[in-house]
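The values are calculated or read from the model by the stated rules, or taken from the named source; none is laboratory data. Predicted model only: the values in this text are computed from it and were never measured. All Cβ positions, glycine included, derive from the backbone under ideal geometry; neighbour counts span all protein chains shown.
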Amino acid sequence: MESFQLGFTLVVLAAVFLCFAREWLPAELAALAGMAVLIVGGVLSGDEVAGVFSNPAPLTIGAMFVLSGALTRTGAIDWLADRFSRWAGKSLSRVFIILALVAVPLSAFLNNTPVVVVFLPVLMAFCRRSGLKASKLLIPLSFLSILGGSATLIGTSTNLLVAGVATEHGEPAFGIFEITGLGVIYALIGFLYLYFIGRHLLPERDTVSSLIDAEDTRQFCSAVEIREGSPLVGKRLIGHPLFSDRKRTIVYEVARDGRRVEDIPLDALVLAERDVLWFRATSKQLAEIRAAKGLRMLHEKDGPAGGGTEVRMVEAIIGPRSGLIGRSVRESGIRRRYGIVVTAVHRRGVNLREGYRDVRLAFGDTLLLEGPAHNLVRLRREGDFLSLNETEIKAPRRSRVLLAAGILAAVVMAAALELLPIASAALAGAVLAILTRCLDLREAYRSIEWNILFLIYGMLAIGRAVETTGGAELMADAVVASMAALGPIAILAAIYLLASLLTELITNNAVAILLTPVVISIAASLNVDARPFIVAIMFGASASFLTPIGYQTNTYVYGAGGYKFGDFVKVGLPLNLLLWGAATLLIPRFWPF
């Protein structure tokens with residue numbers, strides 16, 4: 001019976017790995033399906049499944065997603081991104097240095113995916129202004145964020161998972177900065193390689209990246225009215241942070257008492273009640289203006305749309321067969337038919353200086369729409385729009401940025417000083433971030449990458465089955481029998497290489513969960529400390545540079561940079577080999593056998 005269960009489990013494991021490699025199913029669905037098959041097949045008992053869900057690592061990872069979301073929502077990462085564009089200059093060498101100084105420390109304490117998501121359009125815009133190719137910077141952005149995530153226990157979900165599985169097997173708990181020494185060396189090696197060698201191997205392409213840059217930097221035309229008693233009354237227009245972009249005003253026309261102000265230059269204009277300001281702004285700037293006190297968007301003069309319900313702002317593109325083509329916003333009847341307001345209009349390549357409500361709409365125009373969520377669902381069913389981007393556009397909660405940063409710092413300090421377990425500190429920090437309105441509950445849910453958590457739970461269950469049926473011990477015995485004569489250092493090198501190669505083919509979290517019990521068994525068979533082998537799994541499964549599918553940030557920049565699969569091999573293979581050698585030499589020095 002035991003041999004049957006072992007064989008059955010290994011078949012399920014092979015099937016799940018094949019689904020990962022061939023992408024027949026989403027990774028999380030493949031893992032959950034494998035868990036379900038093992039439960040139905042009687043390999044996993046109810047108590048064992050309950051034990052999987054009691055593992056603190058996924059809870060910690062989910063809480064860290066929320067804390068990353070709080071910093072993003074309060075504008076902390078956006079602030080750093082803005083400073084980056086100011087510090088970078090126009091030299092590729094300087095850009096590499098500034099990028100490393102910002103991305104590596106940031107990724108050490110935050111999920112590196114939002115770091116890449118925020119900095120990607122920043123780098124696109126920078127390249128457009130400086131004439132540099134974005135393909136020279138996007139792979140380094142991803143690689144540096146991965147290296148930064150390897151520097152602390154909370155920097156990547158892989159480290160947290162390995163530490164959690166190891167603790168379940170009786171190993172001493174990892175400290176939050178226990179791996180930082182090696183992580184800093186890793187980051188330094190990676191930066192020096194990219195700076196002196198890697199950047200010369202990167203291609204010069206602009207393809208998709210130039211299109212994405214145009215999307216992220218497009219501007220909308222809209223208008224706002226100064227309310228009575230507004231704090232802006234009596235303030236100069238020029239230089240006001242709300243209406244300035246890099247010290248230049250985004251306002252191009254002002255109306256006072258129903259007439260265009262022509263006798264007063266904009267740089268000398270002092271704002272007054274009921275002034276109407278016409279401006280060009282990005283969707284983020286528009287959201288900040290809308291959230292400011294004492295202002296009223298011109299389209300809101302008749303009252304907010306759908307009052308009393310959740311109101312969202314979305315972007316929609318006019319389709320080629322839309323009935324709105326040739327009609328103005330006033331004539332379209334969008335507000336009457338759907339209860340949705342058109343707040344701004346953008347036409348690619350054309351600056352719309354006249355009132356947007358009188359613009360004749362054309363195919364490809366982008367409308368910024370505002371209305372209740374249920375009305376937007378109705379609008380989506382119509383054929384007027386080519387696409388509807390449902391990402392909410394919200395002004396950052398900048399007043400809480402220091403609070404969000406302080407909560408993250410408190411979580412790190414509580415874990416570092418061992419005042420609380422990492423899971424408890426992270427959960428308390430996430431709850432506090434929500435209670436203090438750094439982000440609301442809905443935003444907290446959206447900040448969690450649920451697919452990663454589902455994948456983790458599925459693989460934890462499969463890993464438990466591999467262990468209880470004797471599969472982990474079988475694998476360990478095979479490794480020891482074939483390599484015992486070479487010594488623990490050679491086995492450590494083989495373990496690191498195996499973790500690194502498997503990560504390039506399947507998800508890094510799955511590799512971490514499955515290999516950690518195996519290396520603990522190997523250490524027991526060799527009668528040596530398991531710590532070096534466990535650390536080798538952490539770094540081997542995290543440091544993924546060879547393919548665009550090994551790590552999610554690589555996948556994210558893959559299409560945006562116009563890269564080919566071979567570009568990652570050309571740039572990533574030497575880095576993988578360098579770090580493999582460094583791990584083989586340094587891990588035994590930090591964690592002796």
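Scanning segment 539-563 for residues that are at pLDDT below 80, outside any helix (DSSP H, G or I) and surrounded by fewer than 23 Cβ atoms within 10 Å (Cβ to Cβ) yields Ile549, Gly562. Somewhere in segment 575-590, is a residue under 20 Å from Asn508 (Cβ atoms), polar (S, T, N, Q) and either in contact with a Phe, Trp or Tyr (Cβ under 8 Å, 6 or more places away or on another chain) or crowded, with 16+ Cβ neighbours inside 10 Å (or both)? Yes: segment 575-590 contains one or more residues that are under 20 Å from Asn508 (Cβ atoms), polar (S, T, N, Q) and either in contact with a Phe, Trp or Tyr (Cβ under 8 Å, 6 or more places away or on another chain) or crowded, with 16+ Cβ neighbours inside 10 Å (or both).
Filtered by the rule that a residue be surrounded by fewer than 23 Cβ atoms within 10 Å (Cβ to Cβ) and not in a helix (DSSP H, G or I), segment 419-447 gives Leu419, Leu420, Pro421, Thr436, Arg437, Asp440. Only residues that are part of a helix (DSSP H, G or I), under 30 Å from Arg94 (Cβ atoms) and over 18 Å from the mean Cα position of the chain (by Cα): list them for segment 118-173, please. Listed by number, the residues that qualify are Ala125, Phe126, Cys127, Arg128, Arg129, Ser130, Ala134, Ser135, Lys136.
Please determine, by comparing only the residues of segment 509-538 that are of a type outside the set (D, E, K, R), farther than 23 Å from Thr469 by Cα and in a helix (DSSP H, G or I), which one is nearest to the chain's Cα centre (by Cα). Talk me through it step by step, then tell me what you get.
Applying the first criterion (of a type outside the set (D, E, K, R)) to segment 509-538 yields 509-528, 530, 532-538.
Filter once more, keeping what is farther than 23 Å from Thr469 by Cα: 528, 532, 535-536, 538.
If we keep only those that are in a helix (DSSP H, G or I) too, we end up with 532, 535-536, 538.
Working: Pro532: 30, Val535: 25, Ala536: 25, Met538: 20 Å.
Applying the filter and picking the extreme gives Met538.
Any residue that is surrounded by 13 or more Cβ atoms within 10 Å (Cβ to Cβ), modelled with pLDDT under 75 and either assigned to a helix (DSSP H, G or I) or under 25 Å from the mean Cα position of the chain (by Cα) (or both) - is there at least one of those in segment 401-418? No, segment 401-418 has no match at all.
Could you tell me how many of the residues in segment 488-522 are out of contact with any Leu (no Cβ under 9 Å at 6 or more places or on another chain) and free of Cβ contacts under 8 Å to residues at least 24 places away in the same chain? Residues meeting the conditions: 1. Residues that are at pLDDT 90 or above and part of a helix (DSSP H, G or I) occur at least once in segment 481-489.
For Val117, the criteria (1) among the β-branched types (Val, Ile, Thr); (2) under 21 Å from Asn554 (Cβ atoms); (3) crowded, with 17+ Cβ neighbours inside 10 Å hold in every case but one, which is (3).
Grab the helices (runs of 4 or more DSSP H) fully contained in segment 18-95, keeping just those with 3 or more residues being hydrophobic (A, V, I, L, M, F, W, C) and farther than 30 Å from Arg397 by Cα.
Working: elements: 27-40, 46-53, 56-73, 76-87.
By residue number, 27-40, 46-53.
Please verify whether Val162 is under 17 Å from Trp591 (Cβ atoms), buried (at least 24 other Cβ atoms within 10 Å of the Cβ) and out of contact with any Gly (no Cβ under 7 Å at 6 or more places or on another chain), treating the condition exactly as stated. Spelling it out, Val162 is indeed under 17 Å from Trp591 (Cβ atoms), buried (at least 24 other Cβ atoms within 10 Å of the Cβ) and out of contact with any Gly (no Cβ under 7 Å at 6 or more places or on another chain). With respect to the conditions (1) in contact with a Ser or Thr (Cβ under 9 Å, 6 or more places away or on another chain); (2) within 25 Å of Glu28 (Cα to Cα), Trp450 lacks only one, and its number is (1).
When only residues in segment 263-286 that are assigned to a loop (DSSP other than H, G, I, E, B) and modelled with pLDDT under 85 count, which is surrounded by the fewest Cβ atoms within 10 Å (Cβ to Cβ)?
First, pick out the residues of segment 263-286 that are assigned to a loop (DSSP other than H, G, I, E, B): 263-265, 269, 271-275, 282.
Narrowing further to those that are modelled with pLDDT under 85: 263-265, 282.
Working: Asp263: 5, Ile264: 12, Pro265: 10, Thr282: 17.
So, considering only residues that are assigned to a loop (DSSP other than H, G, I, E, B) and modelled with pLDDT under 85, the one surrounded by the fewest Cβ atoms within 10 Å (Cβ to Cβ) is Asp263.
This table checks each residue for (1) more than 19 Å from Ser222 (Cα to Cα); (2) among the β-branched types (Val, Ile, Thr); (3) modelled with pLDDT under 75.
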{"position": "Glu288", "(1), (2), (3)": "no, no, no"}
{"position": "Ala292", "(1), (2), (3)": "no, no, no"}
{"position": "Leu295", "(1), (2), (3)": "no, no, no"}
{"position": "Glu300", "(1), (2), (3)": "no, no, yes"}
{"position": "Gly303", "(1), (2), (3)": "no, no, yes"}
{"position": "Val311", "(1), (2), (3)": "no, yes, yes"}
{"position": "Ile325", "(1), (2), (3)": "yes, yes, no"}
{"position": "Ser328", "(1), (2), (3)": "no, no, no"}
{"position": "Tyr338", "(1), (2), (3)": "yes, no, yes"}
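On the basis of being assigned by TED's automatic domain parsing to the domain that holds Val254, of a type in the set (Val, Ile, Thr), part of a loop (DSSP other than H, G, I, E, B) and modelled with pLDDT under 75, does Thr343 make the cut? Give the derivation first.
Values: assigned by TED's automatic domain parsing to the domain that holds Val254: yes; of a type in the set (Val, Ile, Thr): yes; part of a loop (DSSP other than H, G, I, E, B): no; modelled with pLDDT under 75: yes.
No: the conditions fail for Thr343.
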